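Trainee: Take this structure, written in structure tokens, and hold onto it; I'll ask about it next.
The values are calculated or read from the model by the stated rules, or taken from the named source; none is laboratory data. Note that the structure is a prediction, hence the values are computed from the model and not measured. Glycine gets a Cβ as well: all are built from the backbone with ideal geometry, and neighbour counts include every protein chain shown. In case anyone asks, the SASA skips ligands and DNA or RNA and just uses the protein heavy atoms, side chains included. Shrake-Rupley method; radii C 1.70, N 1.55, O 1.52, S 1.80 Å.
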Amino acid sequence: QVQLVESGGGLVQAGGSLRLSCAASGNILSMNSMGWYRRAPGKERELVAVISVGGNTDYVDSVKGRFTISRDNARETVYLQMDTLKAEDTAVYYCNTAPRPTPYWGQGTQVTVSS
């Protein structure tokens, strides 16, 4: 059974940093590319970072140079290091397989950036 549990969000001032974690169970991490998604108030869900099984990464333009996605297959965990945060990064962040997510979404973790 797939279960995704995100953590690490919080309230931070613009320019600050946060590190998100996603614990994945159900044996999906080792065989799938994983991604971090976000949903800002009033906006569609957006895929912001992807990491392949081999460790190749890709990012949406708005976070390139500021966010870093990584994975630890042995710990079944995916991370998102977020630096130089901006107010527009405020959203609920989720992890899932990428680019096609499974139907199993976690509760997400709220990131709020104050300007």
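Trainee: How many residues does the stretch 17-32 hold that are under 19 Å from residue 60 (Cβ atoms) and either of a type in the set (Val, Ile, Thr) or open to solvent by less than 20 Å² (accessible area, probe 1.4 Å) (or both)?
Mentor: Residues that pass the stated criteria total 2.
Trainee: Let me ask you something else. State the number of residues belonging to the stretch 70-91 that are in a loop (DSSP other than H, G, I, E, B) and surrounded by 17 or more Cβ atoms within 10 Å (Cβ to Cβ). Working first, answer last.
Mentor: Let us first name the residues in the stretch 70-91 that are in a loop (DSSP other than H, G, I, E, B), namely 73-76, 83-86, 90.
The next check asks that each one be surrounded by 17 or more Cβ atoms within 10 Å (Cβ to Cβ); those that pass are 85, 90.
The number of residues fulfilling the criteria is 2.
Trainee: Go through the residues of the stretch 5-16 one by one and say whether even a single one is in a strand (DSSP E or B), among the charged types (D, E, K, R) and open to solvent by 40 Å² or more (accessible area, probe 1.4 Å).
Mentor: Step one: of the stretch 5-16, the residues in a strand (DSSP E or B) are 5-7, 10-13.
Among the residues that remain, those that are also among the charged types (D, E, K, R) are: 6.
Remaining after also requiring open to solvent by 40 Å² or more (accessible area, probe 1.4 Å): none.
No, there is no match, as no residue in the stretch 5-16 is in a strand (DSSP E or B), among the charged types (D, E, K, R) and open to solvent by 40 Å² or more (accessible area, probe 1.4 Å).
Trainee: When residue 108 is evaluated against the numbered criteria (1) farther than 18 Å from residue 19 by Cβ; (2) surrounded by 13 or more Cβ atoms within 10 Å (Cβ to Cβ); (3) not hydroxyl-bearing (Ser, Thr, Tyr), which criterion, by number, is the only one it fails?
Mentor: (1)
Trainee: Looking only at the stretch 92-111, count every residue that is over 20 Å from residue 27 (Cβ atoms), among the polar types (S, T, N, Q) and in a loop (DSSP other than H, G, I, E, B) and tell me the total.
Mentor: Summing the residues that are over 20 Å from residue 27 (Cβ atoms), among the polar types (S, T, N, Q) and in a loop (DSSP other than H, G, I, E, B) in the stretch 92-111 gives 1.
Trainee: Identify, from the list 29, 11, 18, the residue that is in contact with a Gly (Cβ under 8 Å, 6 or more places away or on another chain) and in contact (Cβ under 8 Å) with a residue 24 or more places away in the chain. Walk me through how you get there before you give the answer.
Mentor: Working: 29 fails: in contact with a Gly (Cβ under 8 Å, 6 or more places away or on another chain); 11 fails: in contact with a Gly (Cβ under 8 Å, 6 or more places away or on another chain).
Answer to the check: 18.
Trainee: Under the condition of being of a type in the set (Gly, Ala, Ser) and in contact with a helix residue (DSSP H, G or I) (Cβ under 9 Å, 6 or more places away or on another chain), which residue from the stretch 33-69 is least open to solvent (accessible area, probe 1.4 Å)? Even if it seems obvious, please write down each step before you answer.
Mentor: Initially, the stretch 33-69 is screened for residues of a type in the set (Gly, Ala, Ser), giving 33, 35, 40, 42, 49, 52, 54-55, 62, 65.
Next, only the ones that are in contact with a helix residue (DSSP H, G or I) (Cβ under 9 Å, 6 or more places away or on another chain) stay: 40, 49, 62.
On the way: 40: 22, 49: 1, 62: 57 Å².
So the residue we want is 49.
Trainee: Working only within the stretch 96-115, note down all residues that are free of Cβ contacts under 8 Å to residues at least 60 places away in the same chain and over 24 Å from residue 56 (Cβ atoms). Quick ask: steps written out before the conclusion?
Mentor: The initial filter retains those residues of the stretch 96-115 that are free of Cβ contacts under 8 Å to residues at least 60 places away in the same chain, namely 100, 103.
103 - this is the single residue of the stretch 96-115 that is free of Cβ contacts under 8 Å to residues at least 60 places away in the same chain and over 24 Å from residue 56 (Cβ atoms).
Trainee: Please specify each residue of the stretch 92-104 satisfying the condition of being of a type outside the set (Ser, Thr, Tyr) and open to solvent by 80 Å² or more (accessible area, probe 1.4 Å).
Mentor: We begin by selecting, within the stretch 92-104, every residue of a type outside the set (Ser, Thr, Tyr); these are 92, 95-96, 98-101, 103.
Selection gives 99, 100, 103.
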